[in-house]
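Written below as structure tokens is the structure these notes are about.
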Amino acid sequence: QVQLVESGGGLVQAGGSLRLSCAASGRIFNINYMGWYRQAPGKRREMVATITSGGSTNYADSVKGRITISRDNAKNTVYLQMNSLKPEDLGIYYCNVYCNGRSYWGQGTQVTVSS
């Protein structure tokens, strides 16, 4: 079994920054894909950013230029550096990891951006 522990969410003013972390632990043999998704109140969960084992990244258009995803393979950890945050970035951010042939989700961390 694989566990994901997220941290770094919180309340920030518009224009501010936050850094989210997601650490995977347990019986990990191979992590292929890591990503962050978010769900705003009343909306569907959407992809924010993803990163492959080779370091290729993909971003939602709404966050390009403001948010950066990275990973530390030695620590089985994925990060999301969020700058120039906007009120519309509000939501619960979920870590997603494809590992050992299946997908795992974190419990979510709340991000609130005040205007």
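Output the qualifying pairs, or none if there are none: Cβ atoms under 7 angstrom, residues six or more apart or on different chains, first residue in segment 1-24 and free of Cβ contacts under 8 Å to residues at least 60 places away in the same chain, second residue open to solvent by 40 Å² or more (accessible area, probe 1.4 Å) and among the charged types (D, E, K, R).
Hits for this filter: Q1/R27; A23/K75.
When you scan segment 1-101 for strands (runs of 3 or more DSSP E) that lie fully inside it, which ones turn up with 2 or more residues that are open to solvent by less than 30 Å² (accessible area, probe 1.4 Å)?
Details: elements: 2-7, 10-13, 18-26, 31-39, 46-52, 57-59, 67-72, 77-82, 91-99.
Passing ranges, in order: 2-7, 10-13, 18-26, 31-39, 46-52, 67-72, 77-82, 91-99.
Okay, residues lined up against (1) of a type in the set (D, E); (2) under 15 Å from N73 (Cβ atoms):
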| residue | (1), (2) |
| --- | --- |
| L18 | no, no |
| C22 | no, yes |
| S25 | no, yes |
| N32 | no, yes |
| E46 | yes, no |
| A49 | no, no |
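I need a count of the residues in segment 65-103 that are in contact with a Gly (Cβ under 9 Å, 6 or more places away or on another chain) and either without any contact (Cβ under 8 Å) to a residue 40 or more places away in the chain or of a type in the set (S, T, Y) (or both).
So the count comes out to 8.
Hey, can you tell me all the residues within segment 102-115 that are out of contact with any Phe, Trp or Tyr (no Cβ under 9 Å at 6 or more places or on another chain) and open to solvent by less than 50 Å² (accessible area, probe 1.4 Å)? Quick ask: steps written out before the conclusion?
At the first step, the residues of segment 102-115 found to be out of contact with any Phe, Trp or Tyr (no Cβ under 9 Å at 6 or more places or on another chain) are 102, 112-115.
Scanning segment 102-115 gives T112, V113, S114.
The values are calculated or read from the model by the stated rules, or taken from the named source; none is laboratory data. All values derive from a computational prediction rather than experimental measurement. Virtual Cβ from ideal backbone geometry, glycine too; neighbours counted across all protein chains shown. Side chains included, ligands, DNA and RNA excluded: accessible areas come from the protein's heavy atoms. Shrake-Rupley method; radii C 1.70, N 1.55, O 1.52, S 1.80 Å.
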